[in-house]
């Protein structure tokens, strides 16, 4: 009873000390609140895979009614901003200079072939450097072409049948807005950063400033030091998290189809993992330079590339897929994309939360082991 | 001459500070190599072996033929065959499959009777990009099936056909786009961090004041502190370039000189920004924070993963401040499009300006922001 009272007193003292340190050096508060705000604003608006108004060169070698109706179809489409060129050479130059992204080429015999033999060809050239963008653009061009073809067949009274028609239905995101899946993922990426950054330097700082020795001569235990450092940063981090979720809901209009409480619980768990990771880095590094380096290396880029936030994990080679299991953001991206877009799908939420829980225990346990009270 | 000697001495000292510590040497060498390899394979928009399920209520050969075509594609992997409607939702919900193809009981009959046969495709849209790509692949497969079916049954095909030819990357491999981007990404990260802490560390240790009272002039301090960052960046950058060409086998079609001119200017701008952050920071923690605040947006808004042209106009203006944006155009241009100096001129000068402005500011801040 007495021991626990002393422990509580020491813990409160430690939390108070850390909180004061946070309040006096506003950079932690900036990390927790201003950074997610700015980042989410920038990326929520900036990071998008929905192409609109793609500059497209249209080369019509012999203008007539048919070619005009086809170019009109491209002009009416929201995806394209067509520009007319007289010759394919001029259009190719524009493609080289990045003035247009693709070329639609109707040769001089287009209408003749279309009417007489029904085997007209439309040449499409795309800048394939960005393969993803090229594929999506090709899809849009296909869409415009097919719609035009059906309309054309109707006006001509031509019998034209498509043997099998594909009827796609896209679940959870019928409008195929990339923002709806990017924003929940961004929250995970940003919060990994914030969580790890908040704590990655706090222990290293004490070592470097020589105040760790001062802490050691007090009766405080190492576990109490770590908990005392975690608690205030957890409060800060959750504040930032709440703010991000609020922005996703009300600023970016991402629907939240699952339970808010499930999301909060998963967020708290994830925040503990990120903080634990930072704390572990901090106990390993002992210098702020190395701690900073490590936390950048192990948080931002892995969370960005390996979490499944933008690149599909299932498409990666097998060994890399195994590596992604070490990235905490991976689990939270799955949880948050599911809770936001699909609803309370418990198998996904619970299995990923369990993984987060295991990671949290490992990180905190390792940090605890590394931070034994000793002077080297 | 005297000035040169002093600069060399300072640069040598800076390099020693970074390289003599085992841990900081390690963080400079190991992570970039690991990251290049891991990210080079991971950062792909291609779809490989995407699991899908089939709910086929039709008994005809045509439906089996269509399904075999989908399953035979390297992009898809047939995971399950369903026999109840109720099985569809859990599979999609739990992400066990990305899509379910449903063919109704009258599929083959409709096809034979020359009606429109319908193939329903249910796709998990949680990642809308993947959904669109999968749909694109499926459209191609169905179009091929249609063309063959029409030919076999003597039906007229569509009166006009598209012939799509992608330039510069004919088989549309995403690694050709992403891996050169990683060269820029990693060099930027390394250079910025090395320089962002260089002044802050001395301020924290109190040695910066000593540096200021040596005969070194501010401009010499500036150069002496920039050189190690540029050197480290050049060495690491060249190494990653070699890996890109020989390990990832991305074709290098353009002028290497144009690439290195770009890389030098890019490093100059990165070092400028790093030193500027460093001279603003009082502690190393602030230095790291500043580096982060610069790195994260400049990577995400550089066009590395998502095209700049998709961003709203306002954000597109912000991207003009990111040196990575220009370097990505240069490196992808040189690698894939075979660009040379003339076509890249518009990418060179903005980086030179970013570098010059930041270095000037950093030099000014050296003198006017004394440690306190």
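The values are calculated or read from the model by the stated rules, or taken from the named source; none is laboratory data. Here the structure is a predicted model, which is why all the values come from computation and not from measurement. Neighbour counts run over all protein chains shown; Cβ positions are idealised from the backbone, glycine included.
Of all residues in the stretch B:331-348, those that are touching a helix residue (DSSP H, G or I) at 6+ places or on another chain (Cβ under 8 Å), more than 22 Å from residue A:301 (Cα to Cα) and in a helix (DSSP H, G or I) total 10. What do you reckon, is residue B:209 part of a helix (DSSP H, G or I), farther than 30 Å from residue B:262 by Cα and not assigned by TED's automatic domain parsing to the domain that holds residue B:24? So residue B:209 fails the test. Against the definition (at the interface with chain A (Cβ under 7 Å from one of its Cβ atoms) and crowded, with 23+ Cβ neighbours inside 10 Å), how does residue B:190 come out, yes or no? No, not satisfied. Residue A:293 fulfils the conditions (1) buried (at least 23 other Cβ atoms within 10 Å of the Cβ); (2) in a loop (DSSP other than H, G, I, E, B) except for a single criterion, (2).
Looking at residue A:234, is it in a loop (DSSP other than H, G, I, E, B) and surrounded by fewer than 24 Cβ atoms within 10 Å (Cβ to Cβ)? Taking the combined requirement at face value, the residue does not satisfy it.
Within the stretch B:104-152, the set of residues being within 18 Å of residue B:61 (Cα to Cα), without any contact (Cβ under 8 Å) to a residue 12 or more places away in the chain and not in a helix (DSSP H, G or I) comprises B:113, B:115, B:116.
Per-residue answers, yes or no, for (1) surrounded by fewer than 17 Cβ atoms within 10 Å (Cβ to Cβ); (2) free of Cβ contacts under 8 Å to residues at least 12 places away in the same chain:
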position	(1), (2)
B:316	yes, yes
B:319	no, no
B:329	no, no
B:335	no, no
B:358	no, no
B:361	yes, no
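Can residue B:273 be described as crowded, with 17+ Cβ neighbours inside 10 Å, over 17 Å from the mean Cα position of the chain (by Cα) and either in the same structural domain as residue B:185 (by TED's automatic domain parsing) or closer than 19 Å to residue B:11 by Cβ (or both)? The answer is yes for residue B:273.
Within the stretch A:172-207, the set of residues being farther than 18 Å from residue A:309 by Cα and at the interface with chain B (Cβ under 8 Å from one of its Cβ atoms) comprises A:174, A:197, A:201, A:205.
Report whether or not residue A:166 is within 30 Å of residue B:153 (Cβ to Cβ), within 9 Å of chain B (Cβ to nearest Cβ) and in contact with a strand residue (DSSP E or B) (Cβ under 9 Å, 6 or more places away or on another chain). Yes. Go through (1) free of Cβ contacts under 8 Å to residues at least 24 places away in the same chain; (2) over 23 Å from residue B:133 (Cβ atoms); (3) within 12 Å of chain B (Cβ to nearest Cβ); (4) part of a loop (DSSP other than H, G, I, E, B) one by one and return the number of the condition residue A:98 breaks. The number of the failed condition is (1). Every condition in (1) part of a helix (DSSP H, G or I); (2) within 7 Å of chain B (Cβ to nearest Cβ); (3) more than 27 Å from residue A:308 (Cβ to Cβ) holds for residue A:138 except the one numbered (3).
When residue B:159 is tested against the conditions (1) free of Cβ contacts under 8 Å to residues at least 60 places away in the same chain; (2) more than 7 Å from chain A (Cβ to nearest Cβ), the lone failure is (2).
Residue-wise test of (1) crowded, with 21+ Cβ neighbours inside 10 Å; (2) within 29 Å of the chain's Cα centre (by Cα); (3) assigned by TED's automatic domain parsing to the domain that holds residue B:65.
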position: B:76; (1), (2), (3): yes, yes, yes
position: B:82; (1), (2), (3): no, no, yes
position: B:89; (1), (2), (3): no, no, yes
position: B:100; (1), (2), (3): yes, no, yes
position: B:113; (1), (2), (3): no, no, yes
position: B:117; (1), (2), (3): yes, no, yes
position: B:135; (1), (2), (3): no, yes, yes
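Taking the stretch A:14-48 as the range and being closer than 15 Å to residue A:225 by Cβ, out of contact with any helix residue (DSSP H, G or I) (no Cβ under 7 Å at 6 or more places or on another chain) and touching a residue at least 60 places away in the same chain (Cβ under 8 Å) as the test, only A:17 passes. If you filter the stretch B:9-38 down to residues that are in contact with a helix residue (DSSP H, G or I) (Cβ under 7 Å, 6 or more places away or on another chain) and without any contact (Cβ under 8 Å) to a residue 60 or more places away in the chain, you find that the one that is farthest from residue B:238 (Cα to Cα) is B:23. Just checking, does the stretch A:65-79 include any residue being away from every other protein chain (no Cβ under 14 Å), outside any helix (DSSP H, G or I) and either in contact with a helix residue (DSSP H, G or I) (Cβ under 6 Å, 6 or more places away or on another chain) or buried (at least 16 other Cβ atoms within 10 Å of the Cβ) (or both)? Within the stretch A:65-79, one or more residues are away from every other protein chain (no Cβ under 14 Å), outside any helix (DSSP H, G or I) and either in contact with a helix residue (DSSP H, G or I) (Cβ under 6 Å, 6 or more places away or on another chain) or buried (at least 16 other Cβ atoms within 10 Å of the Cβ) (or both).
Of all residues in the stretch B:47-59, those satisfying the criterion of being surrounded by 19 or more Cβ atoms within 10 Å (Cβ to Cβ) and at the interface with chain A (Cβ under 7 Å from one of its Cβ atoms) are B:47, B:50.
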